[in-house]
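A.B. asks: Just passing along the structure, written as structure tokens.
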Amino acid sequence: MKLFEMMRKMSVYNEKKIFKKAPIRKEQLSNIKAHLYKQILISLKKLQNPVENYDIKVREYLDFSKILYNKGLYIQSLNLLKKAKIIAKSYESNTILLELVEFEKMIEFQHITRSIYSRYVELSEESKELIERIQCNNALSSLSLELYGLYLKVGYVRNEKDKIFIETYFRTNLPKFDINKLSFYEKLFLYQAQMWYHYIRQDFIMCYRSSSRWVELFQNHKNAKKMAPVSYLKGYHYLLNTLFYLNHYSKFIHVFQQFEKEVQNGEILVNGNTKILIFMYTYTNRINKHYMEGSFSEGVKKVIPLLFIELNKLSNSLDSHYIMILYYKIACLYFGSGDNENTILYLSKIMENKKKTYDKIYNVFPDFYI
């Protein structure tokens, strides 16, 4: 506790102060810090809201179930597994669900639980169906991730050869599916993969359709906004980004107002991850709005002061990637308003960043070039 209190008051970590004020030897510090870290995580786990973190609740049921199993209380263990399965099914957590089913199969197979024969058949069919779903889910999520990685590596298609390559790659790796039978997550990964495919090809009309379906998927599954808030926010981001590229002002304003309204009404879960994304997407799109209107000077007056107030609150959470994106957007806003001095100032902040070379910086910013 003494170590925790000392570290909590430090703005910059300083071991010399710790050794001077706390009764800790140098060789003890590493172990005590590790123990403190573990205790903090245990405390944070207890504070988690089970509604927002359903997977923690499922894991807890599974842990308790295994404890009961090891005590020879098989029926009680199965009862907890049933509760865990109800939660996992409601959130379509197929990977965790498969783990629960496999443990249930093991209990039923190895021990006499007086289950009827049909129960064995049900568990076997349930396991096969889950494996098929997980394979489809994995294929779609992998395709989405691979396309994103491809975009980071080579950017947009530059010629006919690139276009043929990306079309062949997408069609070859896209699994067969029936859209009406896909689960929520399968549809999510499908729309993500389609969005990146069209984005790389610079087909922004089709990209708009995919990102629209992405956002609509969440709006049709209200519970999903709490399940995967980061994915929901990213869907909004790509939808707004596509409308910006298409220069569809009226639609952009409508979607952006809808986004801000959901944030204000608390419809989007706010945590450490989403707080940063909400900040980034709010202010980058406020700036984009002024780009589209050509009201650069107004944007400098209205957006930048509020941006820096919020930025100071989140400065410890934002990495250099997000900060440089904002610097680039701010520089463009100043340039549009005719303030070349401040334009150079913020561009210089990017150029002076020691962690990235010029080429790496360019690759970081393609989504935000105007």
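The values are calculated or read from the model by the stated rules, or taken from the named source; none is laboratory data. The structure displayed is predicted, hence computed values, not measured ones. Here the Cβ positions follow ideal geometry from the backbone for every residue, glycine too, while neighbour counts run over all protein chains shown. With ligands, DNA and RNA removed, areas are computed over all heavy atoms of the protein, side chains included. Shrake-Rupley method; radii C 1.70, N 1.55, O 1.52, S 1.80 Å.
A.B. asks: Restricting to the stretch 73-114, name every residue that is in a helix (DSSP H, G or I) and either touching a strand residue (DSSP E or B) at 6+ places or on another chain (Cβ under 9 Å) or small (Gly, Ala, Ser) (or both).
C.D. replies: If the condition is that a residue be in a helix (DSSP H, G or I) and either touching a strand residue (DSSP E or B) at 6+ places or on another chain (Cβ under 9 Å) or small (Gly, Ala, Ser) (or both), then Ser77, Ala84, Ala88, Ser90 are the ones that fit.
A.B. asks: Same structure, new question: Scan Lys349, Lys313, Lys329, Lys275 and give me the residue that is part of a helix (DSSP H, G or I), of a type in the set (Lys, Arg) and over 27 Å from the mean Cα position of the chain (by Cα).
C.D. replies: That would be Lys349, the only listed residue that is part of a helix (DSSP H, G or I), of a type in the set (Lys, Arg) and over 27 Å from the mean Cα position of the chain (by Cα).
A.B. asks: Give me the residue from the stretch 330-352 that is within 28 Å of Lys153 (Cα to Cα), surrounded by fewer than 17 Cβ atoms within 10 Å (Cβ to Cβ) and not aliphatic (A, V, I, L, M) and, out of that set, modelled with the lowest pLDDT.
C.D. replies: Glu352
A.B. asks: For the condition open to solvent by 40 Å² or more (accessible area, probe 1.4 Å), in a helix (DSSP H, G or I) and either at pLDDT below 95 or closer than 30 Å to Glu167 by Cα (or both), what is the one hit in Met195, Met206?
C.D. replies: Met206
A.B. asks: Among the candidates Ser124, Ser144, Ser118, which residue alone is surrounded by 15 or more Cβ atoms within 10 Å (Cβ to Cβ) and either modelled with pLDDT of 95 or more or part of a helix (DSSP H, G or I) (or both)?
C.D. replies: Ser144
A.B. asks: Can you tell me which residue is most open to solvent (accessible area, probe 1.4 Å) among those in the stretch 287-310 that are part of a helix (DSSP H, G or I) and free of Cβ contacts under 8 Å to residues at least 24 places away in the same chain?
C.D. replies: Checked the stretch 287-310; the qualifying residue most open to solvent (accessible area, probe 1.4 Å) is Lys301.
A.B. asks: Going residue by residue through the stretch 49-59, is there one that turns out to be open to solvent by less than 40 Å² (accessible area, probe 1.4 Å) and part of a helix (DSSP H, G or I)?
C.D. replies: Yes, the stretch 49-59 has at least one match.
For (1) in contact (Cβ under 8 Å) with a residue 12 or more places away in the chain; (2) farther than 30 Å from Asn223 by Cβ; (3) not aromatic (Phe, Trp, Tyr), each residue gets a yes or a no:
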site: Lys82; (1), (2), (3): no, no, yes
site: Tyr91; (1), (2), (3): yes, no, no
site: Thr95; (1), (2), (3): yes, no, yes
site: Ala139; (1), (2), (3): yes, no, yes
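A.B. asks: Hey, could you check the stretch 1-41 for residues that are of a type in the set (Phe, Trp, Tyr) and in a helix (DSSP H, G or I) and say which is most open to solvent (accessible area, probe 1.4 Å)?
C.D. replies: Tyr37
A.B. asks: Does Ala84 satisfy the criteria of being out of contact with any Phe, Trp or Tyr (no Cβ under 9 Å at 6 or more places or on another chain) and among the aliphatic types (A, V, I, L, M)?
C.D. replies: Considered against the rule, which asks whether it is out of contact with any Phe, Trp or Tyr (no Cβ under 9 Å at 6 or more places or on another chain) and among the aliphatic types (A, V, I, L, M), Ala84 comes out as no.
A.B. asks: Gly72 versus (1) loosely packed, with under 12 Cβ neighbours inside 10 Å; (2) modelled with pLDDT under 85; (3) over 21 Å from Glu126 (Cα atoms): which is the lone unmet condition?
C.D. replies: (2)
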